[in-house]
1. Quick one: F9 ticks every box in (1) without any contact (Cβ under 8 Å) to a residue 12 or more places away in the chain; (2) aromatic (F, W, Y); (3) part of a helix (DSSP H, G or I) except a single one, so which number is it?
2. Condition first: surrounded by 10 or more Cβ atoms within 10 Å (Cβ to Cβ) and within 19 Å of E80 (Cα to Cα). Now tell me which residues in segment 51-70 satisfy that.
3. For segment 19-45, which residues satisfy the criterion of being hydrophobic (A, V, I, L, M, F, W, C), within 10 Å of V58 (Cα to Cα) and in a helix (DSSP H, G or I)?
4. For D55, state whether it is outside the structural domain of F77 (by TED's automatic domain parsing), of a type in the set (D, E) and out of contact with any Phe, Trp or Tyr (no Cβ under 8 Å at 6 or more places or on another chain).
5. Out of everything in segment 23-50 that is among the basic types (K, R) and in contact with a helix residue (DSSP H, G or I) (Cβ under 9 Å, 6 or more places away or on another chain), what residue ends up being surrounded by the most Cβ atoms within 10 Å (Cβ to Cβ)?
6. Sort out which residues of segment 1-22 are surrounded by fewer than 10 Cβ atoms within 10 Å (Cβ to Cβ) and at pLDDT 90 or above, and write them in order of number.
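The values are calculated or read from the model by the stated rules, or taken from the named source; none is laboratory data. Predicted model only: the values in this text are computed from it and were never measured. Positions of Cβ are generated from backbone atoms using ideal geometry, with glycine treated the same way; all protein chains shown enter the neighbour counts.
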Amino acid sequence: MAKDPAVLFYTQDFLVGTMTMSYEQKGKYITLLCLQHQKGKLTLKDLQSILNEEDVDVAEKFIKESDGFYYNQKLKFESERRKNYSESRRKNLMNKHKNSHMVNDINSHLETGTGTETVTGNKTEIEIENETSITSKYSTEDNKIDFDKLYEVFNNVK
């Protein structure tokens, strides 16, 4: 899977979270966020190459985790959330045409099938098997159609 080229950026969170920073510090902070997004994690060297001893407010936005790398927790969370969402959309697209109910509905309308009809008392069962070997059973007991009445209504419409 290719690297996601974007991440959600919440402007209000950024403005509120950087209110006490200088414009230079805000620039360093956004640069580190972009670097983390591109690399996935930051090293101490990454932080030291951008920050100096006056940039404590910026440095505090990154946490050192047990793996030894530095992360901005919000960016890490949002990147994972976007990745999971994109993956779920991709899976839905792949499964779009594989839904069994859709296959059964489509196949029930095909005229290329062979079928048998069994009449027992007032109940008629029709079994249709089509080219894709999907078998469907329909019972006309619950859905009786009075064709004489239908024909009569149709003729009166003319």
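1. Of everything listed in (1) without any contact (Cβ under 8 Å) to a residue 12 or more places away in the chain; (2) aromatic (F, W, Y); (3) part of a helix (DSSP H, G or I), F9 misses just condition (3).
2. The answer is K61, F62, I63, K64, E65, F69, Y70.
3. First, pick out the residues of segment 19-45 that are hydrophobic (A, V, I, L, M, F, W, C): 19, 21, 30, 32-35, 42, 44.
Now restrict to residues that are within 10 Å of V58 (Cα to Cα): 21, 30, 32.
Selection gives I30, L32.
4. Details: outside the structural domain of F77 (by TED's automatic domain parsing): no; of a type in the set (D, E): yes; out of contact with any Phe, Trp or Tyr (no Cβ under 8 Å at 6 or more places or on another chain): yes.
So D55 does not fit the description; no.
5. Of segment 23-50, the ones among the basic types (K, R) are 26, 28, 39, 41, 45.
Now restrict to residues that are in contact with a helix residue (DSSP H, G or I) (Cβ under 9 Å, 6 or more places away or on another chain): 26, 28, 39, 41.
Numbers: K26: 17, K28: 20, K39: 11, K41: 14.
Applying the filter and picking the extreme gives K28.
6. Of everything in segment 1-22, those that are surrounded by fewer than 10 Cβ atoms within 10 Å (Cβ to Cβ) and at pLDDT 90 or above turn out to be T11, Q12, V16, M19, T20.
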